[in-house]
Amino acid sequence: FHVTDQVGHKLTDKGLVHHIQQALCEARSSKGISNDIELQSCNELPRSKVSLSVLNFALELTMRDQPGLFSDISATLLGLGFNVSSATAWTHNERVACIIHLEDANELGPIHDAESLAHVQDELQKAIKARDGEEERKRVRLRLRSFAAGRNHTERRLHQMMYADGDYERCGAWQDEKEKNGCEGIEVSVGRYAEKGYWVVNVRSRDRPKLLFDTVCVLTDMQYEVFHAAITSNTSMADQEYFVRPKGSLNLNNESERQKLTLCLIAAIERRVSHPKGLKVDIRAENRSGLLSKVTRVIRENGLSITKVDIGVEGETAIGSFYLKNCSGEDVNPNIAELVRGETGGSVIANYISPHSLPKPVSSSGRSCMHKTNSSQATPKLSLGTMLWSQLECLSNNFRSH
């Protein structure tokens, strides 16, 4: 891997390199161990105050996206005596997935009351039914999970949730519409290399942070093993080529599975950047009970919808970002920042964004193990021709997804 930091500089911090090494060693040593513990039922929650308080509880929710949803959820949780210590939500193809970490609203700390915690799912289901009806309530996926501290990765879990919810199913139908709106499409092709028993997956898209992570996540979730890979990102575009095989199978003749893989790759890449032009509102304020409920209420009352949210707590300070769009299709009025500041009493900064806004291009080395590619050269086309054996040979140590 030829890598740079976020501003395109070489990695010179030995502490960072050591951290990466330690993380890889930990991942290898914990191979085969589940990273989280799923509670099968709210009735099985531990009743001991000691065992309950050391667990990190998170509410997971996938459902149809709609204006005011986050406001209703946060208000319901506050009414049940819970505060949101951190929350992350993604929206894609009119579906939403969110992970909400809970704490005691009165003490802003660990939850001790298992009895009230057991009612969270039932009360939220009732609120969803009252809002959207019985049919939508049946489609909602809602669960309470407990995680060992530091062992879960939120974005990894969001990919799993949206994949399970089937957000990829509408990608094909929406591709033409996205191109009409000025969004450059993602090119994915899946071909056969029958002689060696591989599917060859080629992906071309705009380059951005975490692109490789998003791609590998979906290959892992779909139970594909990656035997060889070649990735280049010398310009604003990135090319990825993977030689994969369905885990435990050599069947490459399943056309429906090939189409599903194509749609799932498009969905995984789109989830971070598929939102229309809008306003990003960054807040930094004193953490107090009901803060999220107040902010989302202001957003809702001004006819705005949240397309993405990421908020958490550092010490006694709440820090977060809200990505907003106008439900009427007009530009978001930046005055919303002043209204949010009035509710939080903290620092609020608003910036217009576009779905494909990227940092200024920086010089980076190619990731071909054959040679260092000059950034002024055109991005090499990844094919099964002359590049095949050179890539297979220099990547002889299998790059497997875990």
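Readers should treat all values here as calculations from the given coordinates under stated rules, not as data from a laboratory. Because the structure is predicted, anything quoted here is derived from the model rather than measured. Please note: Cβ atoms are built from the backbone with ideal geometry, for glycine as well, and neighbour counts cover all protein chains shown.
Of note:
- For the stretch 187-271, the C-alpha radius of gyration sits at 1.04 times the compact-globule guess of 2.2 N^0.38 Å, with N the residue count.
- Charge dipole magnitude, Cβ of K and R +1, D and E -1 - the stretch 187-271, Cα centre, debye nearest 20: 60
- Of the chymotrypsin sites (Phe, Trp or Tyr not before Pro) found in the stretch 214-310, none is in coil by DSSP with at most 11 other Cβ atoms within 10 Å of its Cβ.
- Pairs of Cα atoms nearer than 8 Å and 6+ residues apart set the relative contact order; for the stretch 264-349 it is 39 percent.
- Mean separation of Cα pairs under 8 Å and 6 or more residues apart, divided by the residue count, gives the stretch 187-271 a relative contact order of 35 percent.
- The stretch 275-356 - charge dipole about Cα centre, Lys and Arg +1 at Cβ, Asp and Glu -1, debye rounded to 20: 180
- Average silhouette area of the stretch 275-356, convex hull of alpha-carbon atoms, in square nanometres: 4.9
- Highest to lowest packing among 119-130, 256-267, scored as the average C-beta count within 10 Å: 256-267, 119-130
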